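The values are calculated or read from the model by the stated rules, or taken from the named source; none is laboratory data. Fair warning: this is a prediction, and the values are worked out from it, not measured in the lab. With ideal geometry, Cβ positions are generated from the backbone for all residues, glycine too; neighbour counts draw on all protein chains shown.
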Amino acid sequence: MTKDAIKIVVAGARGKMGREAVNMINNTEHFTLVGAIDHKYDGKLLSDLEGFPQTDVPIFTDSGLCFSSTRPDVLVDFTNPEAGLFHAEKALDFGVRPVIGTSGFSEKDVEHFKNRAEKKQVGMIIAPNFAIGAVLMMKFSQMAARYFPDIEIIEQHHNKKLDAPSGTAVKTAEMISKIREERRQGHPDEKETIEGARGADFNGMRIHSVRLPGLVAHQQVMFGGEGELLTIRHDSMHRTSFMSGVRLAIDTVMKLNTLVYGLENILE
């Protein structure tokens, strides 16, 4: 461990995103993995499990015990919304800075954690998507919405994803809604002959979720205008695409004393 190394705990290390995060941390000179949080394997080392050779850090089922024992600077969480909420609360109790990649947090959750982070004077980042390209897709979509207010969002993910629509789709719609007035799209007398055919309604925008094996994370935002169509699309082919954003978030959260929601808010 280098003198100025950032000490990190990963929750959900056995998951696909968690494994990529562990690999990235192990290969970043100024990062040091000091522990893992899991719902089982308490007391074992991560290296005892398949796929983590020479990663001799302890596994804890109790996040509070993990934080008190390993004294990390940052928690990286890739679990699920329920566990992520719990781990983030515990992290802030111990002054640990959470970097949350779990989607499904509500506006109320975000406001709650913003107040807690500011009270504790520690940084926290919640990012629905850590891929730099996906963040740019959202920012470009917000720009385009000024000129193309008729919008449909189609997000596509693997069939193991639990939430629909994705956090990225919701975040995209939220960003667009900041500059687009709520309006109804389509024919005024439109009728769904099969419920849900037109997707979810977000301030008049439609969001469609696709879940299929073989997909990783993909989203396109379609804008319709008079005689033209604009499509802004991003595709993550492999989960390594998210790691540059996770690395940036870990470095940045050390300098914050509040919550930042969305990676676009820390990009230069």
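Here are the numbers for this structure:
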{"read-out": "Meets criteria (farther than 21 Å from F140 by Cβ and surrounded by 20 or more Cβ atoms within 10 Å (Cβ to Cβ)) for V221", "value": "no"}
{"read-out": "Search result, residues across the stretch 247-265 that are surrounded by 15 or more Cβ atoms within 10 Å (Cβ to Cβ), outside any strand (DSSP E or B) and under 14 Å from the mean Cα position of the chain (by Cα)", "value": "R247, L248, A249, I250, G262, L263, E264"}
{"read-out": "Residue in the stretch 74-92 that is crowded, with 16+ Cβ neighbours inside 10 Å, touching a strand residue (DSSP E or B) at 6+ places or on another chain (Cβ under 9 Å), more than 28 Å from K119 (Cβ to Cβ) and of a type in the set (V, I, T) present", "value": "no"}
{"read-out": "Cβ-Cβ under 7 Å pairs, at least 6 apart or on other chains, the stretch 153-172 side not assigned by TED's automatic domain parsing to the domain that holds R233 and of a type outside the set (G, A, S), far side in a loop (DSSP other than H, G, I, E, B) and modelled with pLDDT of 95 or more", "value": "none"}
{"read-out": "Filtered residues of the stretch 36-77 (kept if within 23 Å of the chain's Cα centre (by Cα) and on the phi > 0 side of the Ramachandran plot)", "value": "none"}
{"read-out": "Residue in the stretch 169-206 that is surrounded by the most Cβ atoms within 10 Å (Cβ to Cβ), counting only those that are touching a helix residue (DSSP H, G or I) at 6+ places or on another chain (Cβ under 6 Å) and of a type in the set (S, T, N, Q)", "value": "T172"}
{"read-out": "Test: residue in the stretch 154-171 that is at negative phi, in a strand (DSSP E or B), under 15 Å from the mean Cα position of the chain (by Cα) and not charged (D, E, K, R)", "value": "yes"}
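Per-residue answers, yes or no, for (1) modelled with pLDDT of 95 or more; (2) outside the structural domain of E20 (by TED's automatic domain parsing); (3) among the hydrophobic types (A, V, I, L, M, F, W, C):
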| residue | (1), (2), (3) |
| --- | --- |
| L229 | yes, yes, yes |
| R233 | yes, yes, no |
| R247 | yes, no, no |
| D251 | yes, no, no |
| M254 | yes, no, yes |
